[in-house]
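The values are calculated or read from the model by the stated rules, or taken from the named source; none is laboratory data. All values derive from a computational prediction rather than experimental measurement. Note: accessible area is taken over every heavy atom of the protein model, side chains too, but ligands, DNA and RNA are not part of it. Shrake-Rupley method; radii C 1.70, N 1.55, O 1.52, S 1.80 Å.
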Amino acid sequence: MSEHRPRGLHGQTVETLAARILSEEWGEGTVLDLPALREELDISLTALREALKVLAAKGMIDARQKRGTFVQPREQWNVLDADVMRWQTAAGEDPDLLDELTEVRTVVEPAAARIAASRADEDDVAALRTALDGMAAAGDDIEASVRADLAFHRVLMSATHNNFLLQVERVIAIGLAERDKLVHGARPSDNPVPSHRKVLDAIVARDPAAAETAMFALVTKSRDDLDRAKRVRR
């Protein structure tokens, strides 16, 4: 997986501010000293305010008259925002984050597989086969295995031809990448191909119930693998 690199001064400023919030250097309720921050970062007040607007749109900060600009509690954050998910997984500060992601996957992905079994076209099936072949070819190459796994799940969501599910997939993929690196690193000999092949076979057979069942079993296995990996890490 390639490391995300923010582009330009604006992107770097957003990343710097977000990192301070995620690390709790600025805890909930912290009021930001904008003139001091502008001087520290050596940027214009306009540039700083533009970066703060990005974080405000993500629910991470707010600004009020007489109070100033302050850090919002986590329950106010837009956790379905791709950047917020990426920052949280990179920080690794929330031990429950991947467990919550697995719960979301348990709700979303089996239903998505059911829909894909009814709507997938030839291109979708071909892309799923390519991803599965990539998974088989990856062997013990963790990064290649993660890429192939993400591709499979991305194509599966795309095969639903539902734009809302495509948006959800973008968020899930970020957390899934972190989960995959943790699991494959702890258990590189595990073979993910059979569980994914069952999903593909059901989609090819146009069997929505079988696709849903196979995906539920896959996500359940994913949860068990994650639990095992976390025990190994401890």
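Some observations on this one:
- Phi-based couplings in Hz for the stretch 104-116 (Karplus 6.51, -1.76, 1.60; Gly and Pro marked x): 5, 4, 4, 6, 8, 5, x, 5, 5, 5, 4, 5, 4
- Contour excess over end-to-end distance, with Cα ends at Ala205 and Glu75 and 0.36 nm allotted per residue: 42.6 nm
- Only Cα pairs under 8 Å and 6+ residues apart enter the sum, and on that basis the relative contact order of the stretch 9-76 stands at 39 percent.
- The 3J(HN,Hα) values that the Karplus relation (6.51, -1.76, 1.60; θ = phi - 60°) gives for the stretch 168-176 are, in residue order, 4, 4, 4, 6, 4, 4, 5, x, 5 Hz. Gly and Pro appear as x.
- Shown here: the stretch 94-233, whose C-alpha atoms stretch 40, 30, 22 Å along the first, second and third principal axes, sorted largest to smallest.
- Alpha-carbon centroid distance for the pair the stretch 154-182 / the stretch 126-142, whole angstrom: 17 Å
- Ordered by 1.4 Å accessible area with all protein chains kept, Ser222, Ser44 run largest first as Ser44, Ser222.
- Segment Asp227-Ser44, length gained on full extension (0.36 nm per residue, minus Cα span): 61.2 nm
- Sequence of His153, His161 when ordered by accessible area, the most exposed leading, probe 1.4 angstrom: His161, His153
- Ranking Arg223, Arg64 from most to least accessible surface, computed with a 1.4 Å probe over the protein chains only, gives Arg64, Arg223.
- In the chain, lysine pairs with alpha-carbon atoms under 18 angstrom apart (chain gap of 8 or more, or interchain): 4
- In whole angstrom, the stretch 9-76 maps to an equivalent ellipsoid with semi-axes of 17, 13, 11, each derived as √(5λ) from the alpha carbon gyration tensor and ordered largest first.
- Surface accessible to a 1.4 Å probe, Asp224 within the full protein complex, Å²: 60 Å²
- Summarising the amide proton neighbourhood of Gly59: residues at separation of 5 or more, or on other chains, whose placed amide H is nearer than 5 Å comprise Asn78.
- P(r) histogram, all alpha-carbon pairs of the stretch 1-146 included - 10 Å bins from 0, percent: 9, 29, 27, 19, 12, 4
- Among Glu169, Glu143, Glu75, residue whose mean-square fluctuation peaks in a GNM of the chain (springs only between Cα atoms under 10 Å): Glu75
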